[in-house]
1. Please report, in debye to the nearest 20, how large the charge dipole of segment 547-694 is about its Cα centre when each Lys and Arg carries +1 at its beta carbon and each Asp and Glu carries -1 there.
2. From the Cα gyration tensor of segment 444-594, with a ≥ b ≥ c the square roots of its eigenvalues, which class applies: rounded if a/c is under 1.5, or else prolate if a/b is larger than b/c, or else oblate?
3. Which entry is the computed volume of the Cα convex hull per residue in Å³ for this structure: (i) 225; (ii) 200; (iii) 171?
4. Less than 14 Å Cβ to Cβ from PRO676, Lys/Arg counted +1 and Asp/Glu -1: what total charge do the surrounding residues give?
5. Relative to the present Cα-Cα distance, how much length would full extension add between THR47 and VAL600 at 0.36 nm per residue of separation?
6. Can you give the charge dipole size of the chain about its Cα centre, rounded to the nearest 20 debye, using +1 on the beta carbon of Lys and Arg and -1 on the beta carbon of Asp and Glu?
7. Just to confirm a number: summing +1 for Lys and Arg and -1 for Asp and Glu over residues other than PHE154 whose beta-carbon lies under 12 angstrom from that of PHE154, what do you get?
8. Per-residue HN-Hα couplings for segment 615-626, Karplus 6.51 cos²θ - 1.76 cosθ + 1.60 at θ = phi - 60°, whole Hz, x for Gly and Pro?
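The values are calculated or read from the model by the stated rules, or taken from the named source; none is laboratory data. Because the structure is predicted, anything quoted here is derived from the model rather than measured. Quick reminder, even Gly has a Cβ in these numbers, built from the backbone with ideal geometry, and neighbours come from all protein chains shown. Heavy atoms of the whole protein, side chains included, go into the accessibility calculation; ligands, DNA and RNA do not. Shrake-Rupley method; radii C 1.70, N 1.55, O 1.52, S 1.80 Å.
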Amino acid sequence: MGSLIEGGSAVLADDADDGPRTRSGRVDGTSAATRALRSLVGVFLVTWAFRISGFITFASWSALPIVVLGLAGLLVIAAAWLPDSVLSNRRQHQIGWAALAAVIAALAVWSYFQVYIAPDYGTDEIAFDQYAAQLALHGIDPYLRSMAPAFPLFHVSPNGYTFQLNGQPVTALSYPALAFLAYLPLLAAGVTTQAAVWVQIFTWALGAVILYAVLPRSVAPLAGVLASIDVYVGYAVGGVTDSLFVPLLIGAAAGWDRFVSGRGPSAWRGPVCMGLAMAVKQTPWLVFPFVVAGIVVESRRANGTRRALRDGSRYAGIALAAFAVPNLPYAAQAPGAWLRGILTPIAAHTVPAGQGLISLSLSLMVGGGSLLAYDVAAIVLFTVLLACFVTMYPALKPTAFLLPSIALFFADRSFGSYLVMLIPPALAAAATTSRLRGIRASRGWRWVAAGGLCATVTSVAVALMSPSPLSVSVESVRTTGQLATVEQVTLSVTNNTGGDVQPAFTVENGTTLTAFWQRENGPAVLGPHQQARYTIVAPSYFAMPSIQNGFQVLAFTSDPASVSRTTTYLASTWRVTLQPDTISQTIALGQQITIRATIVNRLDQPVRDADVPVYLGQVIYAQQGLRYSQAYINNGLEGQTPVRALTNAAGVATFTIRSPVGGSDPVYFEANLVNPNYYYPYGYSPILTVRFGS
């Protein structure tokens, strides 16, 4: 299939062998790629039914949308492959609208369950924005207030805070005014519970609707696909506020190049949407120069340099005016506070995080000595991409809204939202702008590309080769026993630099940085080339990593801005399984049963190691609380727990159990191992329930 896009309109040009053949052998008019996209929307409708089915015991009425979505998904798939003589392209497009409506309805139902089951806000940004909106509703300038009260007000976990390098959370409003003004209508209507989340869900659904409307019919089903992808719906419900600017940026992206030839209010749609998107968050700021540059280049080749500069200035002026409308009251009232607020993400010295290049320094022994070098690399690449965009125009014209994400990939904060939230508007831009014919790239584009590549490689190499200032290793850990978390870590830390450093410690669990841990022992300032032992403790349960997964300790310093890390610490490498794993019948009093505890690795392969101690414990989880049971394990005393047994050559420990008494409550048996160096329990088996009685 080929797509010819001229004058902002898309014309489908199907290759002769694209479509399915009819009985007469004639090739059907609709391309296989378009039919596949329509089918994919049907697949996602079925998966929406699966998602919602997990809540059917929570709300029995959910069975209705489950059945409707599942059947609708299958029908959409079937309809996608019917020949044009049965369902015309126009009718298929209408079915696509219905499928998108079903996706949005499914999103609403699924979001309801997410909100109802977990009503706490997941991030500080959404809590700050709703709190700021509540202040603004009462005539208070939120840029002049601390956002710290939002933490307890919306029950934000400390793991959802944004921390500075010194371990202190950011408590200033960090976004332009439309980020919180968008919530005012719902708050003014008296809706306060999860108001921000519902606005996020609405704007994400609105973005999908706008995307479907502006895309050519051949690729319009992409809107339903994007609206269903886990990462997007997770962000919308989970407290990532980027979905607020998505519909605005899609509006700015659709046919953005028509601004050069457009006149009147209709031509203002693009720059006004761009300005309002910039008034929500800082990410659209990076798209703005690409669009302005594209308009200048587009106009210059048709109308000359003077007209081109005037067109670029006109677009920029309209966009900046739209940006100023929601921000002007706060900028005029307290310009310093407003400016500090909207620049907080840039100037606050926050901890690095994300799924971009910085993950190498957070998880591997690569770089970390200069976090500034990552930002320099991102700035260099951004400049290079902008120069390439201009000199290689129109070849790079379809990527105008996506190139900033590539630059953000190299920044020290490169969250997934920075990398994926520009994709919907980028698709709208790529599919709705015209392709210029007979126009070649600038003569010097190869020099620009080569020089830019060298500059980018150099800046990235500096970031990756700057050694961390500290050498950090885990000496010991203390766990919470059966809770199976790590609550204290002892570290050996060496300062490899010639200056004083003040390390602050946190834990990376997966890709999540927990709240900063408290320093219980160790010097606050570590002198040049000094070595010290630090003991750090978790500030809360939420910051404790599970012993079943690996974790790393990260040490941040503010001067210089750097990160150092330990290697991955695996607190648990083996675990125990019990055979039998269930006992369904009641065991007679005094009757002996035999339980075999087998040590296995993470792949469930038996560990054939002899003389390894395995501990089997017993307890009764009664309705009123824990009770001691009275069973005999091996040769232990009545009710003794735990009882130790050694493994044989096959890695199996054997336990015999009998009980002299019964009762209405079963006895719960659980086996575990103990680390021979630090003596913490790990590798807990599944719980075996046994009822003793007559």
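1. Values: 9 positive and 8 negative charges, 29 e Å.
Approximately 140 debye in magnitude.
2. Values: a/c = 3.79, a/b = 1.82, b/c = 2.08.
It comes out oblate by the Cα gyration axes.
3. Evaluating volume of the Cα convex hull per residue in Å³ on these atoms matches (i).
4. Details: positive: ARG644; negative: ASP609, ASP611.
Value of the local net charge: -1.
5. Values: separation 553, 0.36 × 553 = 199.08 nm, distance 3.42 nm.
Result: 195.7 nm gained on full extension.
6. Result for the chain is approximately 2040 debye, rounded to the nearest 20.
7. Details: positive: none; negative: ASP120, ASP124, GLU125, ASP129.
My count for the surroundings of PHE154 gives -4.
8. In residue order, the calculated couplings are 10, 10, x, 9, 7, 10, 8, 7, 4, 8, x, 6 Hz.
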